[in-house]
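See below for the structure under consideration.
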Amino acid sequence: SSLWVAVRNRGCQFLGPAIQEEVLKLVILALGDGTQLTRKVLVLYILQRMEKIYPLQATKTSVGHVVQILYRASCFEIIKRQGESCLMQLKEQYRKYDDLRREHDAQIISISLESGIRLSPEQWSSLLYGDQRHKSHMQSIIDKLNATNPPFDRLVDQLAKTLAEEQDCVHLADTIVHFRSLVQFDQHIDEENTCCFSNIIIAIDSIIFIVTRMITFITYIYGQTGTYSLYKNPMKNHFI
């Protein structure tokens, strides 16, 4: 449940193995020949073909959230138009189902890692495919993400783990959500360029919160030891 909450918090959604596969195949059907569509038209195209089969799960919002997974994974070329909605074109390397599915799966696993949630290949295979036949596929994605995971992401994960194990007298754990926000800010490129300023404000607010809490932390260490020194900092190897 924590995983799906983390996925939804990023404007994404996993609807279940069968319906997720159907959505991705319809994305290929709509855009696999290089066709350019707006996000709205793409979502409506998929919805029209699914709502009779999946009347409860297939909604404009849920389908849009599946498309958002692909958008976060940079599977689309975005074509901007003056005064009109952007067009989306599926990148050539993702116009086959297996390639698109791999990026989709990698994005969900990446969200999991960002949230400090780690699952085994067997668990991933069961969650995303409803079987155990995709363990090696999942392991390959996990290995690649672990090898290429940006240092900032790893540091945030390490900090979260450390704070969970340490006595957190000044509530440094409250900074984790703000560090995650900065990770997302770094990775996210807004499609319409309409939220850039608000995203910057959110990032600045996160930085202010982190710095303020760090000052509290340093003050606490100083009060306990009479000086601030990395050698007397119980988390010196994890928080710089």
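No value in this document is a laboratory result; all are computed from the given coordinates. Note that the coordinates shown come from a computational prediction; the quantities given were computed from them, not determined experimentally. As a convention, Cβ positions derive from the backbone with ideal geometry for all residues, glycine included, and neighbour counts pool all protein chains shown.
Can you give the longest run of the chain that contains no trypsin sites (Lys or Arg not before Pro) sitting in a DSSP loop with at most 10 other Cβ atoms inside 10 Å?
Segment 134-240 is the longest.
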Fewest-first ordering of D99, D157, D131 by Cβ atoms within 10 Å yields D131, D99, D157
Sequence neighbours fewer than 8 away in the same chain don't count; with that in mind, list the aspartates and glutamates whose C-alpha is under 17 Å from K25. D33, E51, E92, D98, D99, E103, D105
Multiply the residue gap between T212 and L29 by 0.36 nm, knock off their C-alpha separation, and tell me the result in nm, one decimal place. 60.8 nm
Taking the structure as given and computing P(r) over Cα pairs in 10 Å bins from 0, in percent, which label from [x] 7, 31, 37, 20, 4, 1, 0; [y] 7, 30, 33, 21, 7, 1, 0; [z] 7, 26, 30, 21, 11, 5, 1 fits? [z]
Long-range HN-HN contacts of T38 with modeled amide H, under 5 Å: M88
Taking only Cα atoms, what is the 0 to 90° angle, nearest 10, from helix 176-187's long axis to the longest principal axis of the chain? 50 degrees
Could you give the angle, 0 to 90 degrees to the nearest 10, between helix 17-31's Cα long axis and the longest principal axis of the Cα atoms of the chain? 60 degrees
Compute the long axis of helix 135-148 from its Cα atoms, compare it with the longest principal axis of the Cα atoms of the chain, and write down the angle in degrees, 0 to 90, nearest 10. 50 degrees
Projected onto the charge dipole of the chain (unit charges on the beta-carbon of Lys, Arg, Asp and Glu, signs +1, +1, -1, -1), the Cα from N9, I204, Q158 with the largest positive-side position is that of N9
Under 5 Å between amide hydrogens, which residues at least 5 positions from K91 or on another chain qualify, with H placed 1.01 Å from N in the peptide plane? F76, E77
What percent do you get for the relative contact order of the chain when only Cα pairs under 8 Å and 6+ apart count? 16 percent
